[in-house]
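See structure below.
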Amino acid sequence: MAARRYRGSAVGQGPGRTAVFGRAWLVLAVSAPVSPLGEGGPILVIGVNGQLAQSLAARGGPRIVTIGRPEADLDRPEGLAAVFDKVRPVAVVNAAAWTAVDLAETETEGAARANHHGPAELARLCARDGIPFIHVSTDYVFDGDKGEPYLESDPTCPTGVYGRTKAEGEQAVLAAHPDSIILRTAWVYSASGKNFVRTMLNAGAKNPTLRVVGDQRGNPTSSDDLADAIAAIIALIERDGLRPHYGGIYHAVGTGETTWHGLAVAALEQAATHGRPMPEVIAIRTEDWPTPAKRPADSRLDTTKLATVFGVRLPPWRDSLRHTVDRLLTETAGS
């Protein structure tokens, strides 16, 4: 079912994965999109064009209302109250952020408004109205030096402006609305928008050799899987109420880990099953691909808390990646 459109908001389209409800508890699996959300009031998603916003719009059912700029602009937090008063949501998901990691190093004020001050105002408004707030954060709040998957209780230690503003946003959100649910995710990809997987598929179709960083580790995450997890959490809250112990930080990433090189190879190998050429993929060091902002070398996230509290575990990243590549190339072939 299509998501509700509000004031011209764009929505994503297409099938993907879904949450299969059961009190075994919840398993996320590959299937057609069937939202666990029942009938009820509107769920406001801040953001329109990003990967997660599009996945939520496509998979969340008719209750999803996506709004982006100029109506809901995190750069102008003072205008957000008017959006709440007009939509009257029963829950809010912030899927918008400043994600230009390198640009944040010079555009620090813009990154702070979008990642810190804007989310804090959203949390304040949700607290005012007594409704759940789900805020999406990032693995970049860590420096990557721990050597094993990070827990939610580990102290943040960002290495750049992007990670610092996201960490500050987390604390501001919880200060304004302690019952907020913050989901840290990582390495997000989808069949739409700009992301690493699509970049590799495009590059692999044109070049016989690719050079990809092979010494950074993390958890690839399908935006469809993340959207399903969010829908499942909201459904649980609507069933059981917003219990005090739900509030806090959680890690929500695909099951399993790899490097950027490993992710590129897996995506290109799946593309090869569709007749695409398989280029040579050479692993390089981070220092051979310098960027303005330092990336964490090992930002793997432990997801035990999400599974324990909400019964939610995202699928293995390889399964989701295969599904995404198949969908992307099938849609491309049919267009």
### Task
Take residue 220 and decide whether it is under 20 Å from the mean Cα position of the chain (by Cα), crowded, with 22+ Cβ neighbours inside 10 Å and on the phi < 0 side of the Ramachandran plot.
yes
### Message
If I filter region 30-65 down to residues being closer than 19 Å to residue 315 by Cβ, of a type in the set (A, V, I, L, M, F, W, C) and crowded, with 24+ Cβ neighbours inside 10 Å, which single residue comes out as modelled with the lowest pLDDT?
### Response
58
### Query
Which residue out of 123, 127 is at pLDDT 95 or above, at negative phi, surrounded by fewer than 19 Cβ atoms within 10 Å (Cβ to Cβ) and assigned to a helix (DSSP H, G or I)?
127
### Query
Here are some conditions: (1) closer than 30 Å to residue 328 by Cα; (2) not in a loop (DSSP other than H, G, I, E, B). Residue 168 meets all but one. Which one does it not meet?
(1)
### Query
Looking at region 66-94, which of the residues that are assigned to a loop (DSSP other than H, G, I, E, B) and either among the polar types (S, T, N, Q) or modelled with pLDDT of 95 or more (or both) is surrounded by the most Cβ atoms within 10 Å (Cβ to Cβ)?
89
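Residue by residue, here is whether (1) within 23 Å of residue 178 (Cβ to Cβ); (2) out of contact with any helix residue (DSSP H, G or I) (no Cβ under 8 Å at 6 or more places or on another chain) holds:
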position	(1), (2)
253	no, no
271	no, no
280	no, yes
290	no, yes
305	yes, yes
316	no, yes
### Message
List pairs: first residue in region 178-196 and of a type in the set (Gly, Ala, Ser), second residue in a loop (DSSP other than H, G, I, E, B) and modelled with pLDDT under 95 anywhere in the structure, Cβ distance under 7 angstrom, at least six positions apart or on different chains.
### Response
191/14; 192/12; 193/50
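Would you mind stating whether residue 202 is over 21 Å from residue 296 (Cα atoms) and modelled with pLDDT of 95 or more?
yes
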### Message
Looking at residue 144 and the list (1) of a type in the set (Gly, Ala, Ser); (2) under 21 Å from residue 177 (Cβ atoms); (3) buried (at least 19 other Cβ atoms within 10 Å of the Cβ), which single condition is not satisfied?
### Response
(2)
### Message
Quick check on residue 262: is it closer than 30 Å to residue 132 by Cβ, modelled with pLDDT of 95 or more and surrounded by 17 or more Cβ atoms within 10 Å (Cβ to Cβ)?
### Response
no
### Task
Restrict the check to region 174-196 and report whether at least one residue is surrounded by 24 or more Cβ atoms within 10 Å (Cβ to Cβ), of a type outside the set (D, E, K, R) and part of a helix (DSSP H, G or I).
no
### Message
Pull out all pairs, ordered by first then second residue, where Cβ-Cβ is under 9 Å, the residues are six or more apart or on different chains, the first lies in region 93-105 and is in contact (Cβ under 8 Å) with a residue 12 or more places away in the chain and over 20 Å from residue 230 (Cα atoms), and the second is among the aromatic types (Phe, Trp, Tyr) and assigned to a loop (DSSP other than H, G, I, E, B).
### Response
104/98
### Task
Report whether or not residue 242 is surrounded by fewer than 24 Cβ atoms within 10 Å (Cβ to Cβ), in contact with a helix residue (DSSP H, G or I) (Cβ under 7 Å, 6 or more places away or on another chain) and not β-branched (Val, Ile, Thr).
no
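The values are calculated or read from the model by the stated rules, or taken from the named source; none is laboratory data. These figures come from a predicted structure and were not determined experimentally. In this analysis, Cβ positions are derived from the backbone assuming ideal geometry, glycine residues included, and neighbour counts consider all displayed protein chains.
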